[in-house]
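A quick write-up on the structure given underneath.
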């Protein structure tokens, strides 16, 4: 089913910036991936990018929603090769 | 209470099969006709446009699939169906089945407030061979009232029947005008389970998508549950009669939750706009809290709430409504207030919830987290 999306498309993996920190939340259920992201985003400098690996379906919605609420920049996501889940990229906004 | 008395009385008086010619059957047939007239009075349609189903879900399934079937072309196959992204799962599931059978389906996006994007929806309606558009009167999870009357004119102009799933709002808010088909569910307005209502306007082309026999104008299969139908009709009239008064009281109570929750629970987001909300529903998400644990702890404290968080559902998928709104899905609570809710109950809820959220956040080991 095609979706008439009012939201901007996710970033293109081909042009994705290199992450300064990778958070592995694979196998962790909501809200743990978001808690890990919130706890650790302060470890990178403002403007740098954090990568979050997660396979909980809620992360697909909650990572961009959390970025919107907390004024961080949601860069995009890519499906993981060879396993279920996604790599989300978030740029620290402040 | 009136609905319960009506149910008990109808078990004595209306137990028979309305399709039979003996005395009790004729009595049942009369009672069924009266029930139909009364529902038509509330919904402002003709009695012969009303069919009783076994649930709101069945009403939606029959309405969607019957509309698609009736406008299927012998040479070009099934047509195009438009649904909003936040429809009840019964609508989305019926659309998915139509899609498997060859229909094209467009899912129209909603904004962050949960209201369908009118331009996107009507653009989709204008597409060639659109045979059905589905837009709920209000959303069942976040309470957002949809701009049905903003899309209905466009549907009429393009001769596209508009199905309005009114389950969340029937008896609770004025029904929108301009619909061609309507579905509703008796238990949502205080009736017993097992009663749905499907209305198909006389001008709408519709064909029964399954063997329907002679019941309900050849539209719905099976022996109707007359005692439950009578009870649901009594409940609907009682709900309608007290609607304005209940609306004010319930808006004041959900308003208290909306006004105070963000100050009481740090990092809490209320979904949808108050201006477009049903009086009795408020939905919010507490960041960094496990939604299932929140529901369980609130239940222990005496509050029965539901949640759209993935961990709180059978499928482990987050609510498609919250996802379509781009909203936080974890730590979600939907409060749906019954009509007799007291102010004390809401005050108590607002006392208990911050303590539970704080405790669960502590146990999730994120007390170190800044804002």
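The values are calculated or read from the model by the stated rules, or taken from the named source; none is laboratory data. Predicted model only: the values in this text are computed from it and were never measured. Neighbour counts run over all protein chains shown; Cβ positions are idealised from the backbone, glycine included.
Side notes on the structure shown:
- The range A:7-38 - residue that is within 14 Å of chain B (Cβ to nearest Cβ) and surrounded by fewer than 17 Cβ atoms within 10 Å (Cβ to Cβ) and, of those, modelled with the highest pLDDT: A:27
- Within the set B:150, B:128, B:165, the sole residue that is within 21 Å of residue B:203 (Cα to Cα), more than 14 Å from chain A (Cβ to nearest Cβ) and at pLDDT below 95 turns out to be B:128.
- Of the residues making up the range B:34-54, those that are at negative phi and part of a loop (DSSP other than H, G, I, E, B) are B:45, B:46, B:54.
- Every residue from the range B:325-337 that is out of contact with any helix residue (DSSP H, G or I) (no Cβ under 8 Å at 6 or more places or on another chain) and either without any contact (Cβ under 8 Å) to a residue 24 or more places away in the chain or within 13 Å of chain A (Cβ to nearest Cβ) (or both): B:325
- Condition broken by residue B:322, with the remaining ones in (1) surrounded by fewer than 17 Cβ atoms within 10 Å (Cβ to Cβ); (2) within 14 Å of another protein chain (Cβ to nearest Cβ); (3) more than 20 Å from residue B:359 (Cα to Cα); (4) touching a helix residue (DSSP H, G or I) at 6+ places or on another chain (Cβ under 9 Å) satisfied: (1)
- Where residue B:282 falls short, out of the listed (1) part of a helix (DSSP H, G or I); (2) away from chain A (no Cβ under 14 Å): (1)
- Where residue B:262 falls short, out of the listed (1) within 14 Å of another protein chain (Cβ to nearest Cβ); (2) part of a loop (DSSP other than H, G, I, E, B); (3) in contact with a strand residue (DSSP E or B) (Cβ under 8 Å, 6 or more places away or on another chain): (2)
- Of all residues in the range A:65-76, those satisfying the criterion of being within 14 Å of chain B (Cβ to nearest Cβ) and touching a residue at least 12 places away in the same chain (Cβ under 8 Å) are A:66, A:67, A:70, A:71, A:72, A:74.
- Scanning the range B:343-360 finds no residues that are under 19 Å from residue B:172 (Cβ atoms), more than 9 Å from every other protein chain (Cβ to nearest Cβ), under 21 Å from the mean Cα position of the chain (by Cα) and buried (at least 16 other Cβ atoms within 10 Å of the Cβ).
- Lone unmet requirement of (1) at pLDDT below 95; (2) away from chain A (no Cβ under 14 Å) for residue B:316: (2)
- Some residue of the range B:74-90 being in a helix (DSSP H, G or I) and touching a helix residue (DSSP H, G or I) at 6+ places or on another chain (Cβ under 8 Å): yes
- Enumeration of residues in the range B:12-33 that are part of a helix (DSSP H, G or I) and loosely packed, with under 14 Cβ neighbours inside 10 Å: B:12, B:23, B:26, B:30, B:33
- Strands (runs of 3 or more DSSP E) fully within the range A:13-94 counting 1 or more residues that are touching a helix residue (DSSP H, G or I) at 6+ places or on another chain (Cβ under 7 Å) and within 18 Å of residue B:326 (Cβ to Cβ): A:49-54, A:73-79, A:86-91
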